[in-house]
Each structure stands twice: as C-alpha cells, then as structure tokens.
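Let me begin by presenting the structure, written as structure tokens, before commenting on it.
The values are calculated or read from the model by the stated rules, or taken from the named source; none is laboratory data. Keep in mind that this is a model prediction, so the values were computed, not measured. We place every Cβ from the backbone using ideal geometry, glycine too, and count neighbours over all the protein chains shown.
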Amino acid sequence: MNSMIFKKKTPLLVFLIPAFLFMTLFLYYPFVMNVYNSFSNITGLGTAAQGLNQPWYQNYVQLFQDPIMATAVKNTLLLMVLTIIFQVGIALILALLIDNIKKGTQFFRTVYFFPIVISATALGLLFNLIFLYDGGMVNQLLMKFGATEAIDWKDETHYFFTMLFPVMWQYVGFYFVILVTGLNNISPDIYEAAEIDGAGGFKRVRYITLPLLHNVLCTCLTLAITGALKVFDLPWVMMGAGMPMDMSWLTGTYMYNQTFTMGDVDYGSTIAIVIVVLGVVISQLASRIFKEKEY
Amino acid sequence: MQSAKEAILLEQVPAKRRFKPGKIVIYFFLSIWALSTIYPFVWVILNSFKRKGLIRSDSFSIPFGDRFTLENYTTAFDRVDILGAYKNSLIISSVVTVAVIVLAGLAAYGLTRYRFRGREFLHGLVIASMMFPVFSTIIPVFRMMFRWHIVNTQNVGLSQLSVILPQIAGNLSFAIVVLMGFIRGLSIDLEEAAYLEGYNVFQIFFQVILPIAKPSFATVAIFTFLWSYNDLFTQMFFLRYKDSFTITRLLNEITSIAGVNYGLMAAAVVLVVIPVLIVYVLLQKNIIKGLTVGAVKG
C-alpha cells in the first residue's frame, strides 16, 4: 500500500509492539530457553538449574536408551499414519459424497464439525464410559448381539484402538469442512467438459476431482502431521500414565509425565524438542513428496 | 449448421448435470457418520438423568418414570464447586479472547497496510510460531512466572493470570494470520476517504476497519474462546489449587472423585458440554466459515 495514510511510520510501533512483545516473552524466548534447558540439570519446575549436565548432551543419550521413549515415538508415528489415513480418508469420502447432494448439506456440516469444539477432556470421559469394561456402551451392545464375554478395551490387545478411535473420530469433521471448501472451488464447467468427453462417476473423481484437490489435500496432510504431535488431552484422560504397562505413551503424555510426575524437568524439555524436530522433519518430508502444484 | 448443433449439445448438458449414484445410498452413508457424531452425546445426556447403576445395565433406555432422577446433578453440585469453576472458566477465557482480538487486530493491520523493512521477517515469525507446540515453551514459561510469583500461589486472581498470559500468546499467531487474510481483501478506498476527512490512522482502525471486519473478528473470538475453555494441558500446568480450577480442569479431577459412580461422571460431561453446545448452535456459521479461512491460509 502506498497510500499517504501509511507514510508516517511511528503509529506502526503501537500496532506491532504489544503483540510481538507478548509473543517474544511467551513464545520465542521460552522456545530458545527450552533448548538450553535440555542441556541443564533441573530437578524441579521451580528450582534453579544446577549448571549443565555431565556430559552436557546426557539427556540426548538417555533418549536413545530409554525404552519408554522408543514406545512413545513409535506410538506417535503410528497414530500419525493412522490418523492421516482414516481422518483424511473418511473426510474425503464424506466430502465427495456430499458434493452430489443439495438438500441437507448445512445439517451434515454442522453435525460433523461439532466434536471439534468439544473439549477433549469431556470426550475422554465420554469414551471412558463408552469403552467401560463392566457395562460400557460398546460391551452392552455386544452382549445384546450375543457376545458372552465383555471385552476389556484397555488391555494389551485393544488399547491402541481404544486410544486411536476417539482422536480419529473427533477430527474427521475438521478435514471434511476443509475438503468441502476445496470441492466448492472447483468450477462446474470442468465437470461439464468432462461429461462431454465421457468421463463420469469414478473416472471423474480419479482424473479430475482428486488432482484438483491436490493442494487442499496437502494442507490436510500438514495439519494432520502437526495435529498428531499435539494430541494430549484424550490419551491422558483415557489412558492415564501409559496403561496398560507403559504401552500407550505418546510423546506429549510422556513429556508431561517426566516433567510433573518424575520431576525430571530437563528430560521433559528434551522430549519437547523431539516433538518439535519430528514435526518439522516429517512435514518437510511430506511437502517434498507431495509438492504443491500451481494450476 | 455445425455451430447450431454445438449450441444444442451445450444446452442439453446442464440438464443431465452431474453423475448421481443413487441419492439414497449417499444419504445413507452420510447419515451413518452423522449418527456417530450425535449419538454419543445423546447417549450421555440420557444416562446422566438415570438412576444409579442403570448406565451399566440398561444404558439404551429412555430415562422416564422410575428410571428418571436428578440425583447425579445434585451430587455434582454438592461435591464440587461447579459454579465457581464456570466462573473461573468464563473469566479466563473472556480476558484471553478480548486481549487476543485487540492485540492481533492491531498487529494484523500494521503488518498488512504498512510497508517497512523487516516486515517479511516479522510475518515469517508469526507463521513459524504457529508450528511451536505448547510442549516446547511451557516449562520455561512456568519457570519465568514462578520467578514472578504468579504460579503455585493460593491467590485465585494470580493463578488465573498465569493461565491467561500464555494462552494469549498461544492464540495470537492464528488470529493474526486470519485477520491479515481478511484485511488484505479490503479495498483501501474507504480508509483513504476517511483520511481525507481528517481521521488519523488509529481512528481509521477503530472506526472504519473494526466495524467492517466484525465477522472475521467474531470468528477469531469464538475460536480463541473455545480453545482457551478446552485447553487442558495449560490449565493442568498452572492451576494447582481447587479454588482456581476451571470447568475443564475440574472435570479431569472428577474421575478420581466419582470412582465408580458413572452417573455422576455422565452428569459432569454434560455440564461441560452444554455451554459449548449452546454457543455452537447459535454461532455455527461463523465457526465453520472462519475455520476454513484460517486453516487453508495458514
């Protein structure tokens, strides 16, 4: 903008300083400080650091020797892959279906999106009731259909599904709304041209809709990757401290546990850095593989 | 002749319209997912009104006649300070929302309209901070505020402040990105007209931009409020004493209080969900529209 209004630059300070002061104090400074903390020896959240670790990279050695950390990273990556496949996949199917109808689209949108605005804590308790061993909703339903034994949804064989399902279910509507917006941006002319050329049904989806949705799908992918690394509330409420037998830890819940329950604050900081690095590396990799395209 | 044929063809195509693989099948699948998102909430609301134990033996029935009770709710209000928790939630989330709107609005306007050195850099910083997970900043923030003596204190006001400050910072970048997208789309003519009338740049911001940008500000406000209300992680870090508990934080505590009283748990879930449900039904258009702007641009 080259307007006269913005020639004088002093008001700019009033516009920018408050917000950036906040972000510097509560985001940028702590972010840098967190890296430093990961090399220090801190035994309590409120206590001063007792110098650097001996050797200074000790926490990073510990990362690789800690079997629970390996479990947490493995679970988080698995959760990431499965949420991408199921969240974005189901959302895509629903979006392609809704693109064919006129009546009721507003209703479906509203209903699908609703779980996202609900606190994951409430959903965690809700799913605890649903997957309850002794008389939960699912087990009652299974009994009605003739099952003789109740399933313990939090045992060694079922825990991952029980943890994954609510996370996946909650965010389908989020990707659905993004994908529907992307579909609405595709001009009907293109479909009509395709129809003249004899491309209908699945061919149309495969050769026209999906390629045109490419960039929107890339956005969904990035959001799903960073989203999976941020998951905390639901697994924390449902699985507590890594049950069963330290099998269900995720990087986020493990970081909280190390910091608060174990009091190993510097190791907690180190786990936080792992979360950042995973996020940056994986989303970069994904954007290399699925490059955004210009049309 | 040829062109006439084409014209007829073109006219016929729209009549055929898009491919339709049996509307009923489509509605069937869409409804299944809709049922999956609605039914759990209906189920928990119904069960919160049922007599003790029925949730575990007879959870699909309608609470009517001798099945019906308000006991779960009276217990909830007796055992824990639900109203106090609502009040704490309302205070924290309202302050966060107002602060985010004002700070982000100012910053977004400055970043969009002014041309200055370092603009690209600041814009990059805003985008980058959207990638910072809360895990990577929360420990130093805690330690900093501990030195300021505003965490680990019985003082309710200070405890609230210790959640408010990091939540403001955490929501700013999203808000700035969404608002920049909106302000960029506004024609500058109005602002120039106001300038010629003798308005200064702050009057232009508050009296011209704010009124036009109301829908975008509303979206940002709703989202900030909901995120702040729902954010368990920050609240668990900073709220240590019962008096300062928010409704979400209290809910996390209820599991241990309720034990095997699952009816009480159902009532607690409903108490947290109902305010959000009301807000959502009233404002859902703003919520969904605004989200896509933020997500796709971000």
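Filtering segment A:257-274 to residues that are modelled with pLDDT of 85 or more and either surrounded by fewer than 22 Cβ atoms within 10 Å (Cβ to Cβ) or not in a helix (DSSP H, G or I) (or both) leaves A:ASN257, A:ILE273. Might you let me know whether segment B:106-125 holds any residue that is more than 9 Å from chain A (Cβ to nearest Cβ), farther than 27 Å from A:GLY44 by Cα and in contact with a helix residue (DSSP H, G or I) (Cβ under 8 Å, 6 or more places away or on another chain)? Within segment B:106-125, one or more residues are more than 9 Å from chain A (Cβ to nearest Cβ), farther than 27 Å from A:GLY44 by Cα and in contact with a helix residue (DSSP H, G or I) (Cβ under 8 Å, 6 or more places away or on another chain). In the set (1) surrounded by fewer than 17 Cβ atoms within 10 Å (Cβ to Cβ); (2) free of Cβ contacts under 8 Å to residues at least 40 places away in the same chain; (3) part of a loop (DSSP other than H, G, I, E, B), A:ALA70 fails one condition alone, (3). Screening A:ASN128 with (1) within 11 Å of chain B (Cβ to nearest Cβ); (2) surrounded by fewer than 15 Cβ atoms within 10 Å (Cβ to Cβ); (3) of a type in the set (S, T, N, Q) gives one miss only, at (2). Take the conditions (1) among the hydrophobic types (A, V, I, L, M, F, W, C); (2) within 11 Å of chain A (Cβ to nearest Cβ); (3) assigned to a helix (DSSP H, G or I); (4) within 20 Å of the chain's Cα centre (by Cα); B:PHE132 misses just one of them, which is (3). Of note, A:ASN2 does not satisfy the criterion of being surrounded by 15 or more Cβ atoms within 10 Å (Cβ to Cβ) and modelled with pLDDT under 85. One residue alone among B:PRO133, B:PRO140 is of a type outside the set (A, V, I, L, M, F, W, C), under 30 Å from A:VAL281 (Cβ atoms), at pLDDT 85 or above and crowded, with 16+ Cβ neighbours inside 10 Å, and that residue is B:PRO140. Restricted to segment B:144-211, the set of helices (runs of 4 or more DSSP H) holding at least 3 residues that are of a type in the set (A, V, I, L, M) comprises B:156-184, B:189-196. Among the residues of segment B:55-78, which ones are in a helix (DSSP H, G or I) and at pLDDT below 80? The answer is B:ILE55, B:ARG56, B:SER57, B:GLY65, B:ASP66, B:ARG67, B:GLU71, B:ASN72, B:THR75, B:ALA76, B:PHE77, B:ASP78. Scanning segment A:240-256 for residues being within 14 Å of chain B (Cβ to nearest Cβ) and modelled with pLDDT under 80 gives a total of 3.
The lone criterion from (1) more than 23 Å from B:ILE38 (Cα to Cα); (2) modelled with pLDDT of 85 or more left unmet by A:LEU92 is number (1). As for segment A:50-58, it holds no residue that is surrounded by 13 or more Cβ atoms within 10 Å (Cβ to Cβ), outside any loop (DSSP other than H, G, I, E, B) and touching an Asp or Glu at 6+ places or on another chain (Cβ under 6 Å). The numbered conditions (1) more than 20 Å from the chain's Cα centre (by Cα); (2) surrounded by 22 or more Cβ atoms within 10 Å (Cβ to Cβ); (3) more than 7 Å from chain A (Cβ to nearest Cβ) are all true for B:LEU179 except (1). Only residues that are within 21 Å of the chain's Cα centre (by Cα) and either closer than 16 Å to A:PRO166 by Cβ or facing chain B (nearest Cβ under 10 Å) (or both): list them for segment A:81-109, please. Matches in segment A:81-109: A:LEU82, A:THR83, A:PHE86, A:GLN87, A:ILE90, A:ALA91, A:ILE93, A:LEU94, A:ARG109.
The number of residues in segment A:274-285 being touching a residue at least 40 places away in the same chain (Cβ under 8 Å) and either more than 8 Å from chain B (Cβ to nearest Cβ) or more than 16 Å from A:LEU250 (Cβ to Cβ) (or both) comes to 4. When the residues of segment A:34-49 are narrowed to those that are facing chain B (nearest Cβ under 7 Å) and crowded, with 17+ Cβ neighbours inside 10 Å, which ends up modelled with the lowest pLDDT? Checked segment A:34-49; the qualifying residue modelled with the lowest pLDDT is A:LEU45.
Look at B:PRO14 and say whether it is within 8 Å of chain A (Cβ to nearest Cβ), more than 36 Å from the chain's Cα centre (by Cα), exposed (fewer than 15 other Cβ atoms within 10 Å of the Cβ) and at pLDDT 55 or above. The answer is no for B:PRO14. Scanning for something more than 11 Å from chain B (Cβ to nearest Cβ), surrounded by 19 or more Cβ atoms within 10 Å (Cβ to Cβ), farther than 16 Å from B:PHE41 by Cβ and out of contact with any strand residue (DSSP E or B) (no Cβ under 8 Å at 6 or more places or on another chain), does segment A:171-180 turn up at least one residue? The answer is yes; a qualifying residue exists.
Of the residues contained in segment A:203-220, one or more are found to be crowded, with 23+ Cβ neighbours inside 10 Å and under 16 Å from the mean Cα position of the chain (by Cα).
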